[in-house]
Amino acid sequence: MILSRNTKNPGLSHGEYYGMLAAAGWQAVDLNETCFPERLIENENYIHEVAAAARGAGLVIGQCHAPMSFALQNSTPEAVENRICEIERCIAIADELDIPYTIVHPFFYNWNTEDPDPAFTEDVNIRYLRRLCDAAKKTVICLENMPACGFITNGKEMKAMLEQVGCDKLMVCLDTGLLFFCGGKTSVFFAEVGGRIRTLHLHDSAPGHDLHLLPYTGRGDWNDLKETLRRYDYSGTLNSESDFSCRMPADRRLKWECIEREIITSLLE
Ligand SMILES: [Zn+2]
């Protein structure tokens, strides 16, 4: 079990931020979009500097959150291909840096819009995910659930996609905030794909919203989550993604990080 925090550090240098996370008792961090500048390939040195700062503070880099995939409705095939190449580059960096998991999202038709051709969207994703699985040498690709796009928003849709891709290496990242956004429950999601969940992105929310709240402060069912982790003997990563402490003044954040780490730890008790 690894207690992990996402990298989100307004007002602090990477060294200061990771030092604070280590002092608060976190064991690992992710590298996510806030570490990946717009043109990932031209800024590779930057990502190595961020990784060195995390490791210098004694933290493991437990996962790498690849650049977001996006809506297909108004995207050209070239834009989709470019983004897939960036995600593949991110996978190569994760392999170089020995980062065990790389989190990816599906391409989807559009937010809050019915897809006129779901078979096409499925086909784009099957080919994209097979390509990512082929690109990954050591890092394990984890597909994350989505909100408000009518695609991979629950365990049933996740299971169907895993079956269609047909790659045993493809695992799952369950984002609780996005699940609660869609009115879902952890136990129901685990019942479909529990054996393939390797990382959890933990934050609270309410139906129709992506709020990044601390556990127990939104509308998610955290007792159901706790009970489910116990029942499945979950031993993967717990990555906290609340925006709670990063909204606090920088000189007070250690205290709030300690509270957040305690709440996340309590989910396993
Ligand atoms: Zn997430």
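Residues are listed down the side, and each one gets a yes or a no for (1) modelled with pLDDT of 90 or more; (2) more than 19 Å from Leu132 (Cβ to Cβ):
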site	(1), (2)
Gly15	yes, yes
Ala23	yes, yes
Ala28	yes, yes
Asn43	no, yes
Gly56	yes, yes
Gln63	yes, no
Ala92	yes, no
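Considering only segment 108-120, state which residues are closer than 18 Å to Asn74 by Cβ and surrounded by fewer than 21 Cβ atoms within 10 Å (Cβ to Cβ).
If we filter segment 108-120 for residues that are closer than 18 Å to Asn74 by Cβ, which is where we start, we get 108-118, 120.
The answer is Tyr109, Asn110, Trp111, Asn112, Thr113, Glu114, Asp115, Pro116, Asp117, Pro118, Phe120.
Looking at segment 79-104, which of its residues are outside any helix (DSSP H, G or I), out of contact with any Cys (no Cβ under 6 Å at 6 or more places or on another chain) and within 16 Å of the ligand (Cβ to nearest atom)? It would help to see each step written out before you state the result.
The first filter runs over segment 79-104 and keeps only residues outside any helix (DSSP H, G or I), leaving 97-104.
From what is left, the residues that are out of contact with any Cys (no Cβ under 6 Å at 6 or more places or on another chain) are 97-98, 100, 104.
Residue satisfying the conditions is Val104 alone.
How many residues, within segment 139-160, are closer than 14 Å to His65 by Cβ and either among the aromatic types (Phe, Trp, Tyr) or more than 14 Å from the ligand (Cβ to nearest atom) (or both)?
The number of residues fulfilling the criteria is 3.
Return the residue satisfying two criteria in turn: it lies in segment 194-210 and is part of a loop (DSSP other than H, G, I, E, B) and over 15 Å from the mean Cα position of the chain (by Cα), and of such residues it is nearest to the ligand (Cβ to nearest atom).
Within segment 194-210, the first condition is being part of a loop (DSSP other than H, G, I, E, B), and the residues that meet it are 203, 205-210.
The next check asks that each one be over 15 Å from the mean Cα position of the chain (by Cα); those that pass are 205-209.
Numbers: Ser205: 11, Ala206: 17, Pro207: 17, Gly208: 17, His209: 15 Å.
Ranking the candidates gives Ser205 first.
Report yes if Gly220 is in contact (Cβ under 8 Å) with a residue 12 or more places away in the chain, on the phi > 0 side of the Ramachandran plot and out of contact with any Lys or Arg (no Cβ under 7 Å at 6 or more places or on another chain), otherwise no. Working first, answer last.
Numbers: in contact (Cβ under 8 Å) with a residue 12 or more places away in the chain: yes; on the phi > 0 side of the Ramachandran plot: no; out of contact with any Lys or Arg (no Cβ under 7 Å at 6 or more places or on another chain): yes.
So Gly220 does not fit the description; no.
Taking the options Val172, Val165, name whichever one is in contact with a helix residue (DSSP H, G or I) (Cβ under 8 Å, 6 or more places away or on another chain), in contact (Cβ under 8 Å) with a residue 12 or more places away in the chain, away from the ligand (no atom under 16 Å from the Cβ) and not polar (S, T, N, Q).
Working: Val172 fails: away from the ligand (no atom under 16 Å from the Cβ).
Just a single option satisfies the conditions, and that option is Val165.
Considering each residue of segment 20-33, count those that are surrounded by fewer than 21 Cβ atoms within 10 Å (Cβ to Cβ), within 23 Å of Ile93 (Cβ to Cβ) and more than 16 Å from the ligand (Cβ to nearest atom), and give that number.
Counting residues in segment 20-33 that are surrounded by fewer than 21 Cβ atoms within 10 Å (Cβ to Cβ), within 23 Å of Ile93 (Cβ to Cβ) and more than 16 Å from the ligand (Cβ to nearest atom) gives 2.
Out of Val172, Val165, Val124, Val140, report the one residue that is surrounded by 17 or more Cβ atoms within 10 Å (Cβ to Cβ), aliphatic (A, V, I, L, M), touching a Lys or Arg at 6+ places or on another chain (Cβ under 8 Å) and more than 21 Å from Thr237 (Cβ to Cβ). Spell out how you get there, then give the answer.
On the way: Val172 fails: more than 21 Å from Thr237 (Cβ to Cβ); Val124 fails: touching a Lys or Arg at 6+ places or on another chain (Cβ under 8 Å); Val140 fails: more than 21 Å from Thr237 (Cβ to Cβ).
Only one candidate qualifies: Val165.
Please go through segment 1-19 and pick out each residue that is within 16 Å of the ligand (Cβ to nearest atom), more than 13 Å from Glu262 (Cα to Cα) and among the polar types (S, T, N, Q).
Matches in segment 1-19: Asn6, Thr7.
Which members of segment 220-247 meet the condition of being surrounded by 15 or more Cβ atoms within 10 Å (Cβ to Cβ) and away from the ligand (no atom under 16 Å from the Cβ)?
Listed by number, the residues that qualify are Asp221, Trp222, Lys226, Thr228, Leu229, Tyr232, Tyr234, Ser245.
The values are calculated or read from the model by the stated rules, or taken from the named source; none is laboratory data. Since the model is a prediction, treat every value here as computed from it, not as a measurement. Here the Cβ is made from the backbone with ideal geometry for all residues, glycine too, and neighbour counts use every protein chain on show.
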